[in-house]
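This report refers to the structure that appears directly beneath it.
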Amino acid sequence: MSWLRAREGGQALAVMRVLVALCLLVDVWHIGSIHVDAFSSDGFASITTSVLQVRMLLGGLFVAAVALGLGLGGRITAFVALQLALQLYDVHGALGGGHDRLTTNALWLLVLGGSTYTWSLDAQLLGERQAPVWARYLVVFQLVVVYFTTGLQKVSPEWWPWGGYDAVWYLLQAPSWSKLAEVPLWLHRPSQLASLGTMVFELAAPLFLISVVKGRRWHWPLIVVGAGMHLGIAATMDVGTFSWISLALYPCLLRPELFARFRRRGGGGS
């Protein structure tokens, strides 16, 4: 249990903090430009929150996201951003999607960890500190939970050999999910490989945590596969910022020595 007391460089959490803040800013822009004016329409008739209140939530979240990205305010800023995001996503299901709970979970992880201990305005003002190792492990555990539980829930035959691995092929043709106006036939075979690869990747996700905690390199192929999967999802499917908020957690899969090496090459400070 020595890892509960161990400390390390906080660069991974700092990079994650910046990426999460960018995802929040994308959500603010997306909701503000597309959805807010529709709040008074019949489709949003059940909403009790007024347009003014929604705009206030958007404005507050914008300020909190900027402060979070700059690393100003430590845990308090992350907690404020978390509460504003929870309120905004809960206004209506259309404002969230596949990414809202992962985004708020990521903010909780930033509240718990020391994400402003380095590479932040806080570090410039108060000095750098090391972050607890368990904070990075907790982020990796979150990724494992997302992937592994999703893999366990894939019980539809289309994900398996007896269903022809056609799950992704069908998803690409679903108007509510796909970004593609027309799906070319040549994508059928790659989509089958994507279905199989997704299942193998998600069920192998516990190796992420084992490899990171043990200091091994087993998870590097999983990082490549996971990044490719999320980039493919972002290019072809309409799931909000799910791919980007997932990738925002990936820096915590990297060992602190890699960030220290990057810092030495860049000759940077806090």
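Please treat every number below as a calculation from the coordinates, not as lab data. What you see is a predicted model, and the numbers here were worked out from it, not measured in a lab. When we count neighbours, we look across all protein chains shown, and the Cβ atoms used for this are built from the backbone with ideal geometry, even at glycine.
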For this session: Within the stretch 126-148, which residues have the backbone N less than 18 Å from the label spot 7 Å out from I76 along Cα→beta-carbon, could you tell me?
Result: 126-127
For this session: Sort T103, T236 so the one with the fewest other Cβ atoms within 10 Å of its own Cβ comes first.
Result: T236, T103
Exercise. Which residue, A204, A85, A12, has the most motion in a Gaussian network model of the chain that connects Cα atoms within less than 10 Å?
Worked result: A204
Exercise. Can you give the net charge of the other residues whose Cβ lies under 13 Å from the Cβ of L196, counting K and R as +1 and D and E as -1?
Worked result: -1
Problem set entry | Under the Karplus curve 6.51 cos²θ - 1.76 cosθ + 1.60, θ = phi - 60°, whole-Hz ³J(HN,Hα) for the stretch 116-121, x wherever Gly or Pro sits | 10, 6, 8, 6, 7, 5
Seminar exercise, completed: From fewest to most C-beta neighbours within 10 Å, the residues L185, L152, L22 line up as L185, L152, L22
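Hey, what does the equivalent ellipsoid look like for the chain, semi-axes from the Cα gyration tensor as sqrt of 5 times each eigenvalue, largest first, whole Å?
Details: eigenvalues 201, 157, 43 Å².
The equivalent ellipsoid of the chain has semi-axes of 32, 28, 15 Å.
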Seminar exercise, completed: Note to self: C-alpha centroids of the stretch 1-30 and the stretch 86-156 sit apart, in Å, by 7 Å
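Please compute the net charge surrounding Q83, taking Lys and Arg as +1 and Asp and Glu as -1 over other residues with Cβ under 13 Å from its Cβ. Let's see the in-between values first.
Numbers: positive: R75; negative: D90.
It works out to a net charge of 0.
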Exercise. Where the only charges are on Cβ atoms (+1 Lys, Arg; -1 Asp, Glu), what is the dipole of the stretch 2-259 about its Cα centre, to the nearest 20 debye?
Worked result: 960 debye
Exercise. Non-local amide H neighbours of R7 (under 5 Å, H modeled in plane, Pro and chain starts lacking H): which ones?
Worked result: V133
For this session: Name all residues of the stretch 138-167 having a backbone nitrogen under 12 Å from the label point set 7 Å from the Cα of V183 along its Cα→Cβ direction, giving them as ranges.
Result: 165-167
For this session: Apply the Karplus parameterisation 6.51 cos²θ - 1.76 cosθ + 1.60, with θ equal to phi minus 60°, to every residue of the stretch 141-147 and state each ³J(HN,Hα) to the nearest whole Hz, in sequence, with x for glycine and proline.
Result: 4, 4, 4, 4, 4, 4, 5
For this session: Would you please give the residues with an amide H less than 5 Å from that of S178, counting only those at least 5 places away or on a separate chain, with H modeled from the backbone geometry?
Result: D238
For this session: Could you calculate the contour length gain from W3 to I223, that is, 0.36 nm times the residue separation minus the distance between their Cα atoms, to one decimal place in nm?
Result: 76.9 nm
Seminar exercise, completed: Ranked by GNM mean-square fluctuation in the chain (Cα springs under 10 Å), the top entry among W169, W134, W186 is W186
Problem set entry | F208, F262, F148 arranged by Cβ crowding within 10 Å, fewest neighbours leading | F262, F148, F208
Problem set entry | FRET E, pair V66, W162, Förster distance 51 Å, beta-carbon r, rounded to 0.05 | 0.50
Exercise. Highest GNM mean-square fluctuation, the chain, Cα pairs closer than 10 Å: which of S211, S120, S33?
Worked result: S33
